[in-house]
Amino acid sequence: MSLFEKIFGTHSEKELKRIYPIVDKIMALDESYQQLSDDQLKAKTVEFKERLENGETLDDILVEAFATVREAASRVLGMKHYRVQLIGGIILHQGRIPEMRTGEGKTLVSTLPAYLNALEGKGVHIVTVNDYLAKRDAEWMGEVHRFLGLKVGVILNSYKNDERREAYNCDITYITNNELGFDYLRDNMVIYKEDLVQRDLNYAIVDEVDSVLIDEARTPLIISGQSGKSTDIYKMCDYLARRLKRGTASTEISKMDAIMGVDIEEDGDYLVNEKDKYVVLTAQGVKEVEQFFHIKNLADPENLEIQHTINLALRAHAIMHIDQDYVVKDDEVLIVDEFTGRIMPGRRFSDGLHQAIEAKENVKVKRESRTLATITFQNFFNKYKKKAGMTGTALTEETEFREIYGMDVIVVPTNLPIQRIDHQDVVYKTRKEKYRAIVEDVAECNAKGQPVLVGTVNIDSSEELSKLFTKRGIKHKVLNAKYHELEAEIVADAGQMGAVTIATNMAGRGTDIKLGEGVKELGGLKIVGTERHESRRIDNQLRGRSGRQGDVGESIFYLSLEDDLMRLFGSEKVMSVYDALKIPENEAIQHSSITRFVEKAQKKIESNNYAIRKNLLEYDQVNNDQREIIYAERKRVLDGENMKDVVIQMALDTVEAYVNKATAQDSDTSNWDLVELNDTLRRIVPLKPIELTDEEKNEGNTKKFVERLQEETRELYAAKEAEFPDADSMREIERVILLKVIDRKWMAHIDDMAQLRQGISVQSYGQKDPVVEYKFAGYDMFNELTDAIREDTARLIFSVTVEQKVEREQVAKVTGTNKDDSVKKGPVKRQSAKIGRNDPCPCGSGKKYKMCCGKNE
């Protein structure tokens, strides 16, 4: 704590002083609200809505609304909000993050701001980390809201569009972060307004906010379709990777060393840097690859794909580990969330890494996906008018919450003092010694009946420990976080006498562990950490499983110098202490300096991870600015706006662009390339052969020339519109064509942007900032995109005929979100042969009709 904070108090203390008087007013209403009948209490909802309509604000009715929810929860659930829970509710309503320790009843806290904000009728989303919690909380806490006359909905992964739409239209909706994000992206791919499922993003309360907005923020949400690229190269590179030898030279080469060409003593075919998670081919390795593929120079631009894929194959073998980073189930590679240990169905590693792992594990290599729509959680949640979050561990990431999301963290005091004893870390030389000590400790606790929860960092470790426990005769349950319902049940029983539970550090998060009879006398629940996680928050979450609501408990972490964290971040210092003290086998070091060293390493990794997330956001900000423009234009079309002026302007702008190009705005008309102008512009806008009048030849006025051709374009448009029986038909055709062109061009554009992102990193070799170069290139590409949309729209609008049946269609098939939504692509339908077989195809492909949609006629 700084001197300033000692004198003036911390940020949290100052903010809490402002909140206490509001809490006092809520508590003061307790007795009078207890006197109300059920009907009188329910009538408060109608009263509050009327007061809001008459000009009062949410803050004006906060005290009475919170008192209403408090009394309703007491009657419906038999639970009455504690004072600290009221504090948490006020902080959530203010759009901030209350840090409330595990077991303080955060689920109940959310009922307060959810009810208050739902009174406006604009919708409240309560975001959880998995389907099980969303369903549980909607049924459990939803009882309070239903009692007070509000509609409560839940959205699960299996729900169809109609069910989703109904749930989003409820006053309060429980949903996971992934479902929310994917629904937003899918909504911006629909072709009819009635197919939309979401309303405007009004207010979100994010449970376990650090898990959703920090841990999962490194992975963007992607809706993908299949690309036509062959998968054979992944199998070939996997075969080669198995033959290449891993070098033993120092892996402490930095990326800057690699860029600057600093010499290192190489051996083997490739070197691995586990700390930064990348591989680099040695000179010998490059020769092996060149010989295998029969190429002269691997560094040549035409060999970029080989270079990229062999690198992926080596990463798959050297850095990605089965039962740690992924599992193989039913002939499929499934990602394991590194923070929760949970399997993430439908998610795939990007950039071809998933295909490389599939080749490594000898399962079917699926085709590389093509990005159709994408957004980061940072940009998605920042679209809400107001957002808040709650967790037991947020303070260590307050800077990120402030800078990225505009939310500060307020530490809320516990309802009862914490009695858990947190022991110093115990460090052994080898993993084998560490596991032996863990088994002894757990056996000792089990013998007296004290329940133990053993936290591991991955599935592999949990299974290894399970074998050791079985060998020792310790009855236990293993939780690999594959089934959320089972997970919650096992974790809930972890506090019973004699229970031994092995679980990944974050498994069962959000589930209360209640102590069984007689367990308090035995010292409460003991937490045994088998390894420190990269993030201090995850360790604190594990510790927080014990000592809830003033219960007794204890926690201890067993480490070894072979653990990833110790091995990669300076175990030499600790090893030198071991050697100096001549510590025998199976003896441990337990000292505060080691705990400090571990926390320092964790801070370093947290800082690195924050930089990665911030970098991802900087890249996505470019996409986000472009996405906002495109999605806004789509929304206008879906809302049924009259797009006539927009389409005409596109045609006029196209005329101006082509004239300027042909004339180079030169006043000497002899330099004007009218041949090119006729050849290019008239393919888009069917003007009469373009010739100069005598006056235009003499004047050389480009502006007047443009204006004449634009006037002819307007007349052509009017003539085209006159072909249709009524104006409404033409308006719908304009909307159909705009949607089709925007979607096709935008999907191609974001895929191009994804390719640009992969290739832009080479700019750092030329001492250029990749993000800046990406912004410049992205800006140019977006200008090209808008030009292409303008031209295609003009060309299609002038080529459409009355006899042609024009219908809205989706332009791509979604394959990558683990959903069965039907997104179809079909040919343009026509009612008669008025489209000539040699005419441009109206679908906008650029091919002749006979080679495209008409090839089967």
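The values are calculated or read from the model by the stated rules, or taken from the named source; none is laboratory data. Being a predicted model, the structure only gives us computed values, none of them experimental. Note that each Cβ is placed from the backbone with ideal geometry, even for glycine, and that neighbours are counted across all protein chains shown. For the accessible areas, the whole protein counts, side chains as well, though only heavy atoms, and no ligand, DNA or RNA atoms are used. Shrake-Rupley method; radii C 1.70, N 1.55, O 1.52, S 1.80 Å.
Worth pointing out:
- Among 749, 240, 374 - extreme Cα towards positive end, dipole of the chain, charges at beta-carbon: 240
- Dipole magnitude of the chain, debye to nearest 20 (Cβ charges: Lys/Arg +1, Asp/Glu -1, about Cα centre): 1660 debye
- Carbon and sulfur %, accessible surface of region 317-390 computed with the full protein complex present, 1.4 Å: 43 percent
- Taking 15 Å as the cut-off, the amide N atoms of region 187-212 that come nearer than this to a point 7 Å along the Cα-to-beta-carbon line of residue 639 belong to 193-194, 199-201.
- Residues in region 121-142 that a label on residue 49 would reach, taking backbone N under 18 Å of a point 7 Å out along Cα→Cβ: 121-125
- A straight chain from residue 17 to residue 691 at 0.36 nm per residue would run longer than the Cα-Cα distance by 234.7 nm.
- Fraction of C-alpha pairs exceeding 45 angstrom in the chain: 40 percent, rounded to a whole number.
- You can think of it this way: the chain between residue 163 and residue 242 has 23.6 nm of extra reach, that is 0.36 nm per residue less the Cα-Cα gap.
- Taking 24 Å as the limit for the C-alpha separation, the pairs 122/193; 467/526; 477/526; 25/122; 448/514 exceed it in the case of 25/122.
- DSSP beta bridges in the chain [antiparallel fraction, %, rounded to 5]: 30 percent
- Neighbourhood net charge (9 Å Cβ-Cβ; Lys/Arg +1, Asp/Glu -1) for residue 409: -2
- Protein heavy-atom surface of region 110-154, 1.4 angstrom probe: 50% of the accessible area is carbon and sulfur, with nucleic acids and ligands not counted.
- Sites residue 140 and residue 300, calculated FRET efficiency, Cβ-Cβ separation with R0 51 Å, nearest 0.05: 0.25
- Here the spin labels are modelled as points 7 Å beyond Cα on the Cα-Cβ line, and at residue 319 and residue 403 they lie 2.3 nm apart.
- Neighbourhood net charge (10 Å Cβ-Cβ; Lys/Arg +1, Asp/Glu -1) for residue 432: +1
- Tilt relative to the chain, helix 702-722 - C-alpha long axis, 0 to 90 degrees, to 10: 80 degrees
- Cα long-axis angle, helix 232-243 against the chain (0 to 90 degrees, to the nearest 10): 40 degrees
- Between residue 80 and residue 423, the modelled labels are 4.1 nm apart [label points 7 Å from Cα along Cα→Cβ].
- On Cα atoms only, tilt of 11-28 relative to the major axis of the chain in degrees: 80 degrees
- Spacing of the two label points (7 Å from each Cα toward its C-beta) at residue 674 and residue 723, in nm: 2.7 nm
- In terms of accessible area, using a 1.4 Å probe and ignoring ligands and nucleic acids, 749, 308 rank largest first as 308, 749.
- Which listed pairs, of 329/604; 245/775; 275/429; 135/386; 386/775, have C-alpha distances above 31 Å, in listed order: 329/604; 245/775
- Dipole-positive endmost among 609, 624, 522 within region 520-666 (Cβ charges, Cα centre): 522
- Whole-number accessible area per residue in Å² for region 293-353, which is evaluated in the context of all protein chains at 1.4 Å: 48 Å²
- Dipole of the chain, positive end: most advanced residue of 497, 29, 144 [Cβ charges, Cα centre]: 497
- Packing-based order for 78-91, 581-594, 193-206, using average beta carbon neighbours within 10 Å, highest first: 78-91, 193-206, 581-594
- With every protein chain in place, region 511-591: carbon and sulfur % of accessible area (1.4 Å): 49 percent
- Distance from region 123-187 to region 617-657 (C-alpha centre basis), Å: 31 Å
- Nonlocal amide H pairs with residue 373, under 5 Å, H built at 1.01 Å: 223
- Within the same chain, aspartates and glutamates fewer than 8 places from residue 44 are excluded, and of the rest, those with a Cα less than 17 Å from its Cα are 30, 31, 53, 56, 59, 60, 64, 71, 120, 143, 171.
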